1. Output the antiparallel fraction of DSSP beta bridges having both residues in the chain, as a percent to the nearest 5.
2. DSSP H helices in the chain with Cα extent of 18 Å or more along the helix axis and mean Kyte-Doolittle hydropathy at least -1.0?
3. Can you tell me the alpha carbon radius of gyration of segment 1-66 divided by the globular rule-of-thumb value 2.2 N^0.38 Å?
4. How many angstrom lie between the C-alpha centres of segment 30-59 and segment 111-132?
5. Considering only Phe179, Pro68, Cys131, whose Cα is most displaced toward the positive end of the charge dipole of the chain, charges sitting on Cβ of Lys, Arg (+1) and Asp, Glu (-1)?
6. Decide, for segment 175-235, between rounded, prolate and oblate: order the square roots of the alpha carbon gyration tensor eigenvalues as a ≥ b ≥ c, take rounded if a/c falls under 1.5, and otherwise choose prolate if a/b is larger than b/c, else oblate.
7. How high is the relative contact order of the chain, given as a whole-number percent (alpha carbon pairs under 8 Å, six or more residues apart)?
8. Around Ser11, what is the net charge, scoring Lys/Arg as +1 and Asp/Glu as -1 over all other residues with Cβ under 15 Å from its Cβ?
Amino acid sequence: MTKIHPSAVISPKAEIGADCEIGPHVVIEEDVVLGPRNRIYANAAICAHTEMGADNEVHFGAVIGHAPQHKHFKGGITRTRIGSGNIFREHSQVHRGTVEGKATEIGNGILLMALAHIAHDCVIEDDVVICNNSLLAGHIHVEPKAVVSGNVVIHQFSRIGRLAMVGGLSAVPRDVPPFMMAVGNRPCVVVGMNTVGLRRAGVTTEGRQRLRAAFRILYRSGLILPEAVQQIAELGGPEVDHLVSFLRGSKRGIIAGPRVEDEASDELDGAEE
């Protein structure tokens, strides 16, 4: 049974699914579609043209689907599409697309922590974690199971690869390749493989060894990117294939490799135990 607090303001043109809970002073605008079992906490806003699947949590003061912060936005119907099982913590924000017919897209199982911001036209795939106060500019694409730590800022049109991890306080100006760890703001650099994340995701020892070899070719061989990618492709395996596809698809370029002081670190290099 759906429960709606009497102080909530819900457009008659919104669709509310079964067994939802709508808290005090929630605002749900027109052309919103909520699937079943969503829980919307007090003072949250679900703005026009938002579609949301099932079993999401929208916490206190979060704003989902509001108009983009873009000076050239001319209005019109742009959308926010959200999957199922996501958690949007206190005062987090997701803005809708900028061009009519386009959408900001949020997958499934995502945790967006307090005060984090996802700007217009972003694509966030499944099982991503974006921590407190992190800011994603427009048109960013985050692949599955990536982790963006706290107080990170990411430049527009950048990509964060699958199972990549970006350390706290980083400023990311370009693409972070899949399976890598990146940190820093003067500049942000790749410091090694996300070995812990790879193990937790069930990547085999052989797969991790191939990725470690790929890392060394990419960041320590001195080859230019096309030559490095060609050598990496010869390593084979599904993880390497995904890395190669990501590198070949990069438009902004990838962030730099380890600094000199990091070169000798086995841990940052993702060495196997």
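Derivation of every value follows stated rules applied to the coordinates shown; laboratory data play no part. Everything numeric in this text was worked out from a predicted model, so none of it was measured. Methodologically, a virtual Cβ is constructed for each residue, glycine included, from the backbone with ideal geometry; neighbour enumeration extends over all protein chains shown.
1. Given both bridge residues lie in the chain, the antiparallel proportion sits at roughly 5 percent.
2. Numbers: long enough: 205-220 (21 Å, -0.84).
The answer, listed by residue number, is 205-220.
3. 0.92
4. 16 Å
5. It is Pro68.
6. Note, shape of segment 175-235 comes out oblate.
7. Reported relative contact order: 9 percent.
8. -4
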